[in-house]
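Encoded as structure tokens, the structure appears first; notes follow it.
The values are calculated or read from the model by the stated rules, or taken from the named source; none is laboratory data. Keep in mind the model is a prediction, meaning the values are calculated, not measured. Counting neighbours? That spans all protein chains shown, and the Cβs are built from the backbone with ideal geometry, glycine included. Just so you know, the surface numbers come from the protein's heavy atoms only, side chains and all, with ligands and any DNA or RNA stripped out. Shrake-Rupley method; radii C 1.70, N 1.55, O 1.52, S 1.80 Å.
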Amino acid sequence: MPLTHQLVPERPFTLQTLPTEGKQFHPDRAAAESEFKSLRKEFIEYQRRLYAEGKQKLLIVLQAMDAGGKDGTIRNILKGVNPQGVRVESFKVPSKRELAHDFLWRIHKVVPAKGMIGVFNRSHYEDVLVVRVHDIVPEAVWRPRYEQINQFEKLLHDTGTRILKFYLHISLNEQKERFQARLDELDKNWKFSLEDLEKRKFWPNYMAAYEEMLQQCTTPWAPWHVIPANQKWYRNLTIMRTIVHTLREMNPQYPEAEDNLDQVVIE
Ligand code: AMP
Ligand code: MG
């Protein structure tokens, strides 16, 4: 199963040339949805084994522009998974207490433990994205963070964590349509914020920040996957494929049962 959208360390690219349309990679939505469902069954079984084995850890990082589909991805990917074995963390504007520490402090506290799957809805990458675009700290502070992040992820990797990083790549026009739906549909109103429109004005700056971050932080131990995300069904499928591919490699096993269980009699 080729991982079509995985970046290769040191290989230059421009974000503008990477596709946002998933449908060009898959002709058939119905077939994609049915493959997704069968892969999800496999995922659920692997998650049970990972938890039972209690040795390995999986960290899934999701980054995207507003309305890029992070919430929908989490909802679809984790449906039916045992909630005890997963932990979803959403990173918002840092608190005063968090800002009084280094930027990785709040992240490191919540990385997955043995047997667990951790899902980051936004992450430490905000500290080289929103922070850079809006000049929250000077370049002398954010630029060294690429290397600090790489070393942090190396530490996680070297201590038994597989890291999967997904950038959900949508087009400017797709964002417009999704914002419009948030305005038009009453049950989506709560998701709309005027601040998102302010951020939209900085789209080219964000793309530049994403591009450099993807280049600087694609390492052999934690490469980025740039997912064409305009079609939700393709986004879901390709992320699920990557997760299952990774779990097959991790190959978690149920622990050995105690001897002679078949002779146990419960009084
Ligand atoms: P949402 O994901 O819509 O709930 O929004 C969370 C907001 O928190 C986004 O606007 C992020 O850009 C912002 N955010 C997350 N992490 C940071 C950070 N480290 N510094 C500044 N803003 C952040
Ligand atoms: Mg938002």
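Give me Rg/Rg_expected for the chain, where Rg uses Cα atoms only and Rg_expected = 2.2 N^0.38 Å with N residues. Write out the running numbers ahead of the final one.
Numbers: Rg = 19.8 Å, N = 267, 2.2 N^0.38 = 18.4 Å.
This ratio for the chain stands at 1.07.
If packing is taken as the mean number of other Cβ atoms within 10 Å per residue, what is the order of 72-79, 255-262, highest first? Before the final figure, lay out each step's value.
On the way: 72-79: 17.4, 255-262: 7.2.
Descending mean neighbour count gives 72-79, 255-262.
Seen from GLU185, the other residues with C-beta closer than 11 Å to its C-beta sum to a net charge of +2, counting Lys and Arg as +1 and Asp and Glu as -1. Per residue, the convex hull around the alpha carbon atoms of the range 125-267 comes to 217 Å³. For LYS188, the lysines whose Cα comes closer than 16 Å to its Cα, not counting residues fewer than 8 places off in the same chain, are LYS70, LYS176. Within the shell of other residues whose beta carbon sits under 15 angstrom from the beta carbon of PHE91, the net charge comes to +2, with Lys and Arg scored +1 and Asp and Glu -1.
Under the convention that each Lys and Arg Cβ holds +1 and each Asp and Glu Cβ holds -1, the size of the dipole of the chain around its Cα centre is about 460 debye.
What order do TRP203, TRP190 take when sorted by accessible area (1.4 Å probe), most exposed first? Write out the running numbers ahead of the final one.
Details: TRP203 25, TRP190 190 Å².
Order by accessible area, largest first: TRP190, TRP203.
Think of it as helices only: each DSSP H run of n ≥ 4 in the chain is worth -39500 (n - 2.57), and spread over all residues that comes to -13000 deg cm²/dmol at 222 nm.
Using the Cβ atoms and a cut-off under 9 Å, what net charge is assigned to the surroundings of ARG162, where Lys and Arg are +1 and Asp and Glu are -1? Here the count lands on 0.
Can you tell me which of 162-173, 213-224, 23-34, 98-109 comes out highest on packing, and rank the rest after it, using the mean Cβ neighbours within 10 Å?
Values: 162-173: 20.6, 213-224: 18.8, 23-34: 12.8, 98-109: 14.7.
Answer by packing, highest mean first, reads 162-173, 213-224, 98-109, 23-34.
Going by accessible surface with a 1.4 Å probe and the largest first, ARG235, ARG200 read ARG200, ARG235.
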